[in-house]
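The values are calculated or read from the model by the stated rules, or taken from the named source; none is laboratory data. Remember, predicted model here, so these are calculated numbers, not experimental data. We place every Cβ from the backbone using ideal geometry, glycine too, and count neighbours over all the protein chains shown. Accessible surface is based on the protein model in full, side chains and every heavy atom, while ligands, DNA and RNA are left aside. Shrake-Rupley method; radii C 1.70, N 1.55, O 1.52, S 1.80 Å.
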Amino acid sequence: MNDYFYDIYGCKPQIKVTASGRINIIGEHVDYCGGPVFPASLNLKCNVYGRANGCGKIRIALYGIEGVKELDLNSLESYRDAKYINYQAGVAFILKSQGYNLVGCDLYYKCDVPFGSGLSSSAAIEVATAVALNEIAKNSYSLEDMALIGQRAENEYCGMNCGIMDQFASAIGKKDSAVLLHCDTLEYEYVPLKMDGYTMVVANSNKRHTLTDGDYNERRAEAEKATEILKTVTPITRLADLSVERFEEAKGVLSGKILDRATHVVNECDRVYKAVAALKRGDIATLGQLINASHESLSTLYEVTGYELDCLAHIAQRQKGCLGSRMIGGGFGGCTISIVEDGEVENFIKTVGEQYEKAVGYKATFYNTSIEDGVTVEEL
Ligand code: GLA
């Protein structure tokens, strides 16, 4: 990759930064309600090569895209609609507004996280950018803060009101572990992703989800509405503050879709704790059942799946050796994860692939994934 950098900028990069895409074992559409999530960072990464360039501009080249784009450090607010570089611009803008020193630099991006896949390519780009800009400027920083900056860039600069899960997983993920992250306090715990005899299979439905941002923001607004109504009858700050029992007592004030959305959030939070406990005691069968229940709830109550994701998860759930399967990420398209017996993986991929194609008319993609450290920094 050094060669590409050299071809474009005429010199060698000084550093290589990587930040990961993620899967989420369980805990979907609860991060922005203050709930617990359980993601893990992938070997699919955004790679950034960089060096200081001594001018007041961040120059950006991207693998597969012609030309070099420029961000003027003095007008970082003006790139909100710039194609391909708005995440980078947003991160630079937020970093600067928070008082981080930025210097001109040349950056080259190769993002291996498939775009629009629900594996959070945007968070990987944001976190990699934040870390690279700080490294090049020789600032001190924490990875937790870089996750928060990535989220603010996405919320305030790019208009997607995402929660903190993706950026956090990308920033602090750890090899062979999932992260139990409490999104209200941002306290977290690493839990070894040890599933003896089972493999986590990641499949992309290849359904494009162009309306995701709008639908996502709408779901978030509905969850916030449910919270406001529930506050009138029970003392909570966030929806995730309610146990299943307290929710059952209070839910009479909700109805229709708002009731469905809140029912999902409260029960999904409960499932996360049960899933973590199951994984810790090596009870993969129970983990699988909770994953299936999560999908059903996302499909029928939260309505963020759609035909393709439902097909992919339901076909997977029926296969021999599959303990559980569900959509991950924002939904409306993107990926599923499935827990599959090691000896059945090959057959699983073949059969699910065939049946999915028959049902939707195009192929799913299966990835060879592993769980790796979220961020790496290498001096070159
Ligand atoms: C997207 C968002 C996350 C989270 C998930 C759903 O990936 O970026 O913050 O809300 O959807 O769990």
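Percent antiparallel among DSSP beta bridges with both residues in segment 58-132, to the nearest 5?
Within segment 58-132, antiparallel bridges account for around 45 percent of the total.
Shown here for segment 41-102: GluC sites (Glu not before Pro) in loop regions (DSSP other than H, G, I, E, B) with at most 11 other Cβ atoms within 10 Å, namely GLU66.
Take the residue pairs LYS83/LYS110; LYS12/LYS110; LYS174/LYS363; LYS175/LYS257 and return only those whose Cα atoms are more than 27 Å apart.
LYS174/LYS363; LYS175/LYS257
Rounded to a whole number, what is D in µm²/s for segment 231-380 from Stokes-Einstein with the Kirkwood radius over alpha-carbon pairs (10 °C, 1.306 mPa s)?
92 µm²/s
Averaging over all projection directions, the Cα-based convex hull of segment 1-122 occupies 8.8 nm² in the image plane. Karplus-based coupling profile of segment 13-24, in residue order and whole Hz: x, 9, 9, 10, 10, 10, 9, 8, x, 9, 9, 10, with θ = phi - 60° in 6.51 cos²θ - 1.76 cosθ + 1.60 and x standing for Gly or Pro. Accessible area per residue was computed with a 1.4 Å probe on protein heavy atoms; ASP260 scores about 40 Å². A 1.4 Å probe run over the protein chains yields, for the chain, 41 Å² of accessible area per residue, whole-number rounding. Please state the shape class of segment 322-361: rounded when a/c is under 1.5, otherwise prolate if a/b exceeds b/c and oblate if not, all from the C-alpha gyration tensor. Verdict is oblate for segment 322-361. The portion of the accessible surface of segment 73-122 made up by carbon and sulfur, rounded to a whole percent, is 48 (1.4 Å probe; DNA, RNA and ligands excluded).
Rounded, prolate or oblate: which fits segment 341-380 when a ≥ b ≥ c are the square roots of the eigenvalues of the alpha-carbon gyration tensor, with rounded for a/c under 1.5 and prolate only if a/b beats b/c? In terms of gyration-tensor shape, oblate. For the chain, a Kirkwood hydrodynamic radius built from all Cα pairs, placed in the Stokes-Einstein relation at 20 °C and 1.002 mPa s, yields a translational diffusion coefficient of 101 µm²/s.
For segment 1-70 and segment 80-151, what is the separation of their C-alpha centers, rounded to whole Å? First find each Cα centre; the distance between them is then 7 Å.
Please sort by residue number the chymotrypsin sites (Phe, Trp or Tyr not before Pro) in segment 57-149 whose DSSP state is loop and whose Cβ has at most 16 other Cβ atoms within 10 Å. Filter output for segment 57-149: TYR63, TYR84, PHE115, TYR141.
Remark: C-alpha extents of segment 180-286 on the principal axes read 48, 35, 25 Å, sorted largest to smallest. Here the accessible area is traced with a 1.4 Å probe on the protein chains. For segment 129-193, carbon and sulfur cover 46 percent of it. Using a cutoff of 8 angstrom between alpha carbon atoms and counting only pairs six or more residues apart, the relative contact order for the chain works out to 24 percent.
By the Cβ-Cβ criterion of under 4.7 Å, the unpaired cysteines of the chain are CYS11, CYS33, CYS55, CYS105, CYS158, CYS162, CYS183, CYS269, CYS311, CYS322, CYS335. For segment 223-300, the square roots of the Cα gyration tensor eigenvalues, ordered a ≥ b ≥ c, give a/c of at least 1.5 with a/b greater than b/c, which places it in the prolate category.
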